[in-house]
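Down below is the structure, laid out as structure tokens.
The values are calculated or read from the model by the stated rules, or taken from the named source; none is laboratory data. All of these numbers come straight from a predicted model, not from anything done at the bench. Glycine gets a Cβ as well: all are built from the backbone with ideal geometry, and neighbour counts include every protein chain shown. When the accessible area is computed, the model is the full protein with side chains, heavy atoms only, and any ligands, DNA or RNA have been set aside. Shrake-Rupley method; radii C 1.70, N 1.55, O 1.52, S 1.80 Å.
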Amino acid sequence: MNSWQSWAALVVFVATYSLIISEKIHRVGAALGGAALMLAIGATDDESAFFSEQSGIDWNVIFLLLGMMMIVGVLKRTGMFEYLAIWSVKRAQARPFRVMVMLVVITAAASALLDNVTTVLLIAPVTLLVCERLALPAAPFLIAEVFASNIGGTATLVGDPPNIIIASRAGLTFNDFLVHLAPLSAFLTVVLVALCRFLFRKTFVYDESRALEVMALEEREAIRDPRLLIQGLVVLVLVVAGFVLHPVLHYEPSVVALLGAGLLIAISRVETGEVLGEVEWPTLAFFAGLFIMIGGLIETGVIGEISKALADAIGDNELGGSMLLLGASAVLSGIVDNIPYVATMAPITADLVQNMGGDPDHVMWWALAIGADLGGNATAIGASANVVVLGIAERNRQPITFWQFTKYGLVVTAVTVALSALYVWLRYFALA
């Protein structure tokens, strides 16, 4: 960080982050303004910002979100989410905590098979309807689901975008992630349920009259367009199959999502303009601005300097190094989005692993994955799923502030990362 641009880029990022936290300026305006300043000071340029795989906008994320938002927009018209909302409430006997447990477990399990962003796009509309039916605040339920999506996504290769980056760099398979991280993910989901009982205890107010009204509903009556529902579910199944078969088909998730959205619009009678109207455009714009800002930090060497300092501190100490990498990844992934962080840290981790013997399933890779995935829960912009849910909540007039999310996120992250450190020590050192 010897150039003035490095320090200027750091100042721009810190100032923009402060505006996002303070909420004096809408986060989309702050992110786009910060991105414009990064381009203005020359921290990055148009080619790097829009076309670089390492330091530009991650179009795979943008188009994955766009495709899935379009599919969800079509499914909304079928009444499917109303059906699921009534079904889930009736199965939980309309008890608020039971409803939250059901939604958290479903979200965690689905996030292991889908990516966590797709999962929250599907589950958030159901949650909003459930809370409306039971006259409950939606924010605690949505926040809990974000935590569940990031924890559940840790379990598999396709569950969280950082895992895909790590698998590609380290040569890890889907089964490697299942063996090493699925047990931890399942355990932390149980821990999350216990934490939710404590963190959101004021939310679980049982309204008997509301409960009786919902229990009397017939969920099948919520389905407004059975033909469109069948079409939508067939396309959704094909899209999920495309995600799971990524190692075989080699189609990026963004391509699969866009193909699915295009197919669904083509075979249904829904107007394209109406579907595009359901897209969370402010969320996509926020991601674009955030990626450009972080790209400026990468281009000017700020993130590289931080990563190298971490690598120098680790040396060849496996135990200390894995703990430091896990903890530092959790902290840094709460400040910047975990996707560009892992993209920057993966080659450095590869060098560390090579110095420690070069095993493809080395503990350092799992420390990086755990820290980045769980650290994403710390703040409102720590992971893609967080930003998406905040956008959905705002659009549905149930806004979640940065600090409202973060005060719970810091607690959940601290507990899950501490337990993960114990898991890493026991599995790879004490019992190895």
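Across the range 323-331, computed HN-Hα scalar couplings (Karplus, 6.51 cos²θ - 1.76 cosθ + 1.60, θ = phi - 60°) run 5, 5, 5, 4, x, 5, 5, 5, 5 Hz from first to last residue, x flagging Gly and Pro.
Annotation for the range 225-315: trypsin sites (Lys or Arg not before Pro) lying in DSSP loop with at most 11 further Cβ atoms inside 10 Å of their Cβ are R269. Between the Cα long axis of helix 363-375 and the first principal axis of the chain there is an angle of about 50°, rounded to the nearest 10. Taking only the C-alpha atoms of the range 1-143, the Rg (one decimal) and the largest Cα-Cα distance, Dmax (whole number), read 20.3, 62 Å. Please work out, to two decimal places, the log10 of the ratio I(q)/I(0) at q = 0.17, 0.20 Å⁻¹ from a Debye calculation in which every Cα of the range 80-142 carries one identical scatterer. Cα-only, vacuum Debye calculation for the range 80-142: -0.50, -0.70.
Within a Cβ distance under 13 Å of S333, other residues only, what is the Lys/Arg minus Asp/Glu net charge? Write down the numbers at each step before the final one.
Values: positive: none; negative: D160, D337, D373.
Overall, the nearby charge balance is -3.
Where Rh is the Kirkwood radius over the Cα pairs of the range 127-245, the temperature 20 °C and the viscosity 1.002 mPa s, what D in µm²/s does Stokes-Einstein return? Mind showing how you got there, number by number?
Values: Rh = 17.6 Å.
Value of D from the Cα-based Kirkwood radius: 122 µm²/s.
Helical runs (DSSP H, four residues minimum) scored at -39500 (n - 2.57) apiece and divided by the length of the chain put the mean residue ellipticity at 222 nm at -24500 deg cm²/dmol. With Kirkwood's inverse mean 1/r over C-alpha pairs for Rh, give me the Rg to Rh ratio of the chain, two decimals please. Ratio of gyration radius to Kirkwood radius: 0.97.
Rolling a 1.4 Å probe over the protein heavy atoms gives the chain an accessible area of 41 Å² per residue. Relative to the dominant Cα principal axis of the chain, helix 4-22 is inclined by about 30°.
Take each of the peptides 403-416, 66-79, average the number of other beta-carbon atoms within 10 Å over its residues, and list them starting from the highest.
66-79, 403-416
Residue ranges 313-321, 183-191, 378-386, 127-135 sort as 378-386, 127-135, 183-191, 313-321 when ordered by packing (mean number of other C-beta atoms within 10 Å per residue, highest first).
When each of the peptides 11-23, 211-223, 293-305 is scored by the mean number of other C-beta atoms lying within 10 Å of its residues, the order from highest to lowest reads 293-305, 11-23, 211-223.
Taking all protein chains in place and a 1.4 Å probe, what share, in percent, of the accessible surface of the chain do carbon and sulfur account for? Write down the numbers at each step before the final one.
Numbers: 10990 of 17580 Å².
Ligands and nucleic acids excluded, carbon and sulfur give 63 percent.
Principal semi-axes of the equivalent ellipsoid, √(5λ) from the alpha carbon gyration tensor of the range 1-69, are 22, 19, 9 Å from largest down.
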